[in-house]
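The values are calculated or read from the model by the stated rules, or taken from the named source; none is laboratory data. Everything numeric here is computed off the predicted structure, so don't read it as measured data. Reconstructed Cβ throughout: ideal geometry from the backbone, glycine too, with neighbour counts over all protein chains shown.
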Amino acid sequence: MKSPNACGPLLTDLYELTMAAGYFVHNKHNERATFELSIRRLPEHRSFLLAAGLEQAVEHLQNLKFSADDLRFLKRHPMFERVPAAFFDYLAAMRFSGDLWAVPEGSVVFAEEPLLRITAPVIEAQIAETYLLSMLTYQTMVATKAARVVEAAEGRRVVEFGSRRAHGPQAGLLAARAAYLAGCAATSNTLAGKEFGIPTVGTAAHSWTMAFDHEEEAFNAFLEVFGERSTLLLDTYDCLEGARIAANIRRGYRGVRLDSGDIVGLSREVRRLLDTHGHIDASIMASGDLNEYRIREYLQAGAPLDSFGVGTDLVVSRDAPSLSGIFKLVEMERGGQVCYTAKFSDEKATWPGRKQVFRYSSATGSFAHDVIGRAREERGEESGGHMGAEPLLRQVMENGKLPAALPSLAEIRGIAASNLSRLPQRYRRLEAPDTYPVRRSRALEELMEEVRDRCMEPSSLT
């Protein structure tokens, strides 16, 4: 069986395509619609998110094209047996022709703030929903987790080790990207190095040591090939005995890795052995089911650790393994008129109209509060010492084209570092963080009331 297309237009929920066919049959397919993607609520112990995944979202829209094979599959599907052939002709010619606005990758964002806004013929926007939600929510989830892990490491290197624990190879690749833009120093995923230019690192597994008759033989054999770049894994048999063997090796090496046991106690004794035998420059890396809480625990106990390899908890964000992403219709253009749309259901209400997020900063440059307003609002100076607002959503695509190149991953990494440094520490606490203030503008609240009044009017059909 050949591998499926991991980014083609059929990578969507079937109801996106059934709605597309319905729009076409009822001659609504050329009506322009605006959808917004946001996170409904923040996970527990999170007071912010770090936006990620926009580059792959743009690539998907740029390459949105139904192949002849895709269309043959849809024509045979029982749901489409009554759909006219003209619909499939429409899909064959369809390309994304809309506008895309988004917050830059690496931006700190909060619940209910649009991360992305699409205005396009309704079918083009609707079909993209599943892919966009999957891409942005997954990478944003991992980037946010990585930012927490990096914060806990207090300046020490964090290496993403999670590909073998990710929910599939593609997830592992994207996790490496998201973790790097959030501040991780490197990844173990070799393909991520090739595709994204992320620094890649590797040590050796326990199988290397077990492939030799003696641990000392294994260490020396590894050093013979990789020299001073070598990191020796100590805990295949007995960690302290492995440390003694490593400490007595005369040639230099990069460091050692501890993957199990009492990391705090072992790291202290390993540091003493290395220093006593002249390996004062050899670093100590810890790995093995690490997360931000365990790293904080080790460092608060004074463990002399120089770097951390973090895998499972990072790529699956074990304590917050999903985000409540939504992609909702906020307005339609019909006959030159704009019709604003919203949901009013309990706990799942949405707000109408194209929106912008305005971010206010203090005189020192720290983020102070956000206002979600209508896209055409202008936000000037505010009282209370807060500076004029910065609009977060920026145009990324116009009429299906990129007006300017997207930032490089290195530039996105810089955006993330700047955003995180400007977010006051009380919002970055690992537990019980303060809630960052986000409010809605008066103009947006007034629009919501207008739409509510219109939608709640008795129907002429009853």
Next item on the list: Tell me, please, whether a residue that is under 30 Å from Val58 (Cα atoms), in the same structural domain as Glu333 (by TED's automatic domain parsing), of a type in the set (Asp, Glu) and under 23 Å from the mean Cα position of the chain (by Cα) can be found in the range 434-453.
Entry: no
Check: Does the range 182-189 contain any residue that is within 30 Å of Gln425 (Cβ to Cβ), in a helix (DSSP H, G or I) and in contact with a Gly (Cβ under 9 Å, 6 or more places away or on another chain)?
Finding: no
Checklist line | Leu299, sole failed condition from (1) among the hydrophobic types (A, V, I, L, M, F, W, C); (2) closer than 17 Å to Val158 by Cα; (3) crowded, with 21+ Cβ neighbours inside 10 Å | finding: (3)
Note to self: Against the condition small (Gly, Ala, Ser), under 30 Å from Ala247 (Cα atoms) and either loosely packed, with under 15 Cβ neighbours inside 10 Å or touching a strand residue (DSSP E or B) at 6+ places or on another chain (Cβ under 7 Å) (or both), how does Ser230 come out, does it pass?
What the structure shows: no
Next item on the list: Hey, can you tell me all the residues within the range 78-113 that are over 26 Å from the mean Cα position of the chain (by Cα) and aliphatic (A, V, I, L, M)?
Entry: Met79, Val83, Ala85, Ala86, Leu91, Ala92, Ala93, Met94
Next item on the list: Residues being among the polar types (S, T, N, Q), surrounded by 13 or more Cβ atoms within 10 Å (Cβ to Cβ) and not in a loop (DSSP other than H, G, I, E, B): count how many of those fall in the range 191-224.
Entry: 3
Next item on the list: Please tell me if Arg164 is outside any strand (DSSP E or B), touching an Asp or Glu at 6+ places or on another chain (Cβ under 7 Å) and not hydrophobic (A, V, I, L, M, F, W, C).
Entry: no
Notebook entry, point to check: Looking at the range 107-157, which of its residues are farther than 29 Å from Tyr23 by Cα, of a type outside the set (A, V, I, L, M, F, W, C) and assigned to a helix (DSSP H, G or I)?
Noted result: Tyr138, Gln139, Thr140, Thr144, Lys145, Arg148, Glu151
Margin query: Need pairs with beta-carbon distance below 7 Å; first residue among the β-branched types (Val, Ile, Thr) and within the range 263-275, second surrounded by 18 or more Cβ atoms within 10 Å (Cβ to Cβ) and assigned to a helix (DSSP H, G or I); sequence gap 6+ or separate chains.
Written below: Ile263/Tyr298; Val264/Tyr298; Val270/Ala243
Check: Is it true that some residue in the range 137-152 is surrounded by fewer than 20 Cβ atoms within 10 Å (Cβ to Cβ) and out of contact with any Asp or Glu (no Cβ under 6 Å at 6 or more places or on another chain)?
Finding: no
Notebook entry, point to check: Restricting attention to the range 158-166, does a residue exist that is among the aromatic types (Phe, Trp, Tyr) and in the same structural domain as Glu390 (by TED's automatic domain parsing)?
Noted result: no
Next item on the list: Could you identify the single residue in Ala166, Ala186 that is in contact with a helix residue (DSSP H, G or I) (Cβ under 8 Å, 6 or more places away or on another chain), over 30 Å from Arg40 (Cα atoms) and surrounded by fewer than 24 Cβ atoms within 10 Å (Cβ to Cβ)?
Entry: Ala186
Check: Within the set of pairs 6 or more residues apart or between chains, which connect a residue that is farther than 13 Å from Leu115 by Cβ inside the range 47-61 to a residue that is among the charged types (D, E, K, R) and surrounded by fewer than 24 Cβ atoms within 10 Å (Cβ to Cβ) with Cβ atoms less than 8 Å apart?
Finding: Ser47/Arg428; Ser47/Arg429; Ser47/Asp434
Note to self: Here is a check on your reading of the model: is Thr312 free of Cβ contacts under 8 Å to residues at least 60 places away in the same chain and among the polar types (S, T, N, Q)?
What the structure shows: no
Next item on the list: State all residues of the range 295-340 that are part of a helix (DSSP H, G or I) and either at pLDDT below 95 or closer than 30 Å to Leu100 by Cβ (or both); if no residue qualifies, say none.
Entry: Leu314, Val315
Next item on the list: Output the qualifying pairs, or none if there are none: Cβ atoms under 6 angstrom, residues six or more apart or on different chains, first residue in the range 401-418 and assigned by TED's automatic domain parsing to the domain that holds Ala57, second residue assigned to a helix (DSSP H, G or I) and modelled with pLDDT of 95 or more.
Entry: Leu406/Glu55; Leu409/Phe196; Ile412/Leu181; Arg413/Leu181; Ala416/Leu181
Checklist line | Residue satisfying condition, being among the small types (Gly, Ala, Ser) and in contact with a strand residue (DSSP E or B) (Cβ under 9 Å, 6 or more places away or on another chain), within set Ala221, Ala185, Ala211 | finding: Ala185
Check: Which one is surrounded by the most Cβ atoms within 10 Å (Cβ to Cβ) among residues in the range 411-432 that are of a type in the set (Lys, Arg) and part of a helix (DSSP H, G or I)?
Finding: Arg413
